[in-house]
Amino acid sequence: MSTPSTPAAAASAAGAAPSAGGRLVHLGIGNFSRAHTLPYTADAGAGEDAWRVSAFTGRSPAIAETLEAQGNRYGLVVREADGDQVRLLDVLDEVRPASDIEALQRLIADPEVSVVTLTITEKGYAAGDDPAVSAPARLALGLRARREAGVEEPIALVSCDNLPGNGEVLREAVLSAADADTRGWFEDHVDVISTMVDRITPAASAEDQRIVEEATGFADRATVVTEPFTEWVVQDAFRGRRPAWETAGAQLVEDVEVHEKRKLRLLNGAHSLMAYAGQLAGHERVDQAISDPAVRALVDALWADARATLPLPAAELDAYTAALVERFENPRMADALDRIAADGSVKLTVRALPVIADRGGPAQASGALALVAAWTAFVTWRVATGTSFSDPRADEISEAARLEDPTARVRALLDIVIDGGAPQDLVDAVVAAEGTLPRA
Ligand code: CS2
């Protein structure tokens, strides 16, 4: 399986264009990667040019068992406005639980592996340096094994999560968990790549599994459902071999930052706003929320703020937001607001707070402010009604949300989210904005 690792081989690989097949490791296989990164890799080359994937799960190992039991193939349902396109994906060679660190080290130490893609969610980058709970820490152990094996071929770590500068965030997370020798070796051997990923991927149902079986004859227990739209903008900074993702529609660019900001502040910002304000207004799904004029007005106000922070032509932003409305309105997607509501304490710092800061403070950013207020009001409502919500800091949030005095409550909630504490003008503005949100 491996080719001999020599400096000469490394030199010829350095600066190499996308090339004939290889193996990549994926960390955090979930619905999103099965609908996005894996199809791009599957479509990047066939036959001798095919790339194969060894994947690891996130915290729950369940998907590894499900996929192994069906030969690591799975069905992808692309939900078009007027019907479904179904295809079977066969790009995975193995799927292992995250806890199988030995297998990860063996793979990363193999010179045939030159790419690691990650979909570990926003909170995965702040998981610390304990390999038992942190993917970046496990990756640091893998890189240590590669260094100790004397592999000279460059390896690229490709972040596919919704964070601005996700490559830099990944670099910091891996380096802070790595031993000193691996930190010293890193610069010459490892590329860290930022990417912007986009494809809305709601949870699939048993009915979707039936649709795959009917269309293909394959009894699938790992079906994913997604929208026709897909976008991947990848920083073009690989020294080593990689799949020719551009042949599958990805864009390789020098700088992904503006693409990341556009997507995070417009798509993901609106998503989070709908997730909180939409549920407070009595909705369960994205298409219902965007069709409610009161929620739509909030989305438009958020977009007005976000657009003012983006260095892009108005016509491009008009086209982008118009396309977003269409994507959100698609009733066939049945995308649950509660899926998007998860992990608000991490998402707000990316989707709302930087917009408020770029606008010069809450008084200049009522649209982005409403997103923060929708979150504080949402968690307060969930705690008051004894309904759980998913967040890495759910315990602290619940305690803060129980405070009776509105100013003390909002301050305590925002202090969880904002390093160094929330400024008073933001706290006061959020308390006032909570009162203006539509309620069921
Ligand atoms: C959503 C994203 O879960 C969320 O917070 O906003 O999963 C969103 O669907 C994707 O980023 C779309 O590309």
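The values are calculated or read from the model by the stated rules, or taken from the named source; none is laboratory data. Small disclaimer: the values here were computed from a predicted structure and weren't measured. Cβ: placed from backbone, ideal geometry, glycine included. Neighbour counts: every protein chain shown. What goes into the accessible areas is simple: the full protein's heavy atoms, side chains included, and nothing from ligands, DNA or RNA. Shrake-Rupley method; radii C 1.70, N 1.55, O 1.52, S 1.80 Å.
Observations on the structure shown:
- The mean accessible area for residues of region 258-434, using a 1.4 Å probe and ignoring ligands and nucleic acids, is 38 Å² per residue.
- Computed about the Cα centre, the dipole magnitude for the chain is approximately 340 debye when only Lys and Arg (+1) and Asp and Glu (-1) carry charge, each at its Cβ.
- For region 77-108 versus region 237-307, the gap between their alpha-carbon centres in whole angstrom: 23
- Computed about the Cα centre, the dipole magnitude for region 50-120 is approximately 120 debye when only Lys and Arg (+1) and Asp and Glu (-1) carry charge, each at its Cβ.
- Heavy-atom accessible surface of Ser205, to the nearest 10 Å², is about 50 Å², with a 1.4 Å probe and all protein chains retained.
- A helix-only calculation puts the chain at -13000 deg cm²/dmol for mean residue ellipticity at 222 nm, using -39500 (n - 2.57) for each DSSP H run of at least four residues, averaged over all residues.
- Rounded to the nearest 0.05, the FRET efficiency derived from the C-beta distance between Glu207 and Thr385 at R0 = 25 Å is 0.25.
- Ligands, DNA and RNA aside, His271 has an accessible area near 10 Å² when probed at 1.4 Å.
- Dipole-positive endmost among Phe218, Ala206, Ala440 within the chain (Cβ charges, Cα centre): Ala440
- Cα-projected label distance for Glu326 with Ala50, points at 7 Å along beta-carbon direction, nm: 3.5
- DSSP finds beta bridges in the chain, and of those with both partners inside it, around 30 percent are antiparallel.
- If both residues of a DSSP beta bridge must be in region 28-154, then about 60% of such bridges are antiparallel.
- Taking label points 7 Å from Cα along the Cα-to-Cβ direction, Asp90 and Ala20 give a separation of 2.2 nm.
- Within the accessible surface of the chain, defined with a 1.4 Å probe on protein heavy atoms only, the carbon and sulfur portion equals 50 percent.
- Region 302-399: C-alpha gyration tensor shape, a/c 1.5 cut-off, then a/b vs b/c: oblate
- Long-range tail of P(r) for region 7-254 (Cα pairs > 33 Å, %): 14
- Calculated FRET efficiency for the pair Asp415/Asp129, C-beta based, R₀ 25 Å, to 0.05: 0.50
- Cα lying deepest toward the dipole's positive end in the chain, options Gln85, Val286, Thr230, charges on Cβ: Val286
- Counting only protein heavy atoms and a 1.4 Å probe, region 7-254 has 38 square angstrom of accessible area per residue.
- Using the Cβ-Cβ distance between Glu187 and Ala149 with R0 set to 22 Å, the FRET efficiency works out to roughly 0.75.
- Considering all C-alpha pairs of the chain, those separated by over 28 Å amount to 51%.
- Cleavage-rule hits (chymotrypsin sites (Phe, Trp or Tyr not before Pro)) in region 174-274: DSSP loop, at most 15 neighbouring Cβ within 10 angstrom: Phe229
- Cα gyration tensor shape for region 258-434, rounded if a/c is under 1.5, else prolate or oblate: oblate
- Extension gain, Glu80-Ser60: 0.36 nm per intervening residue step, less the Cα-Cα distance, totals 4.2 nm.
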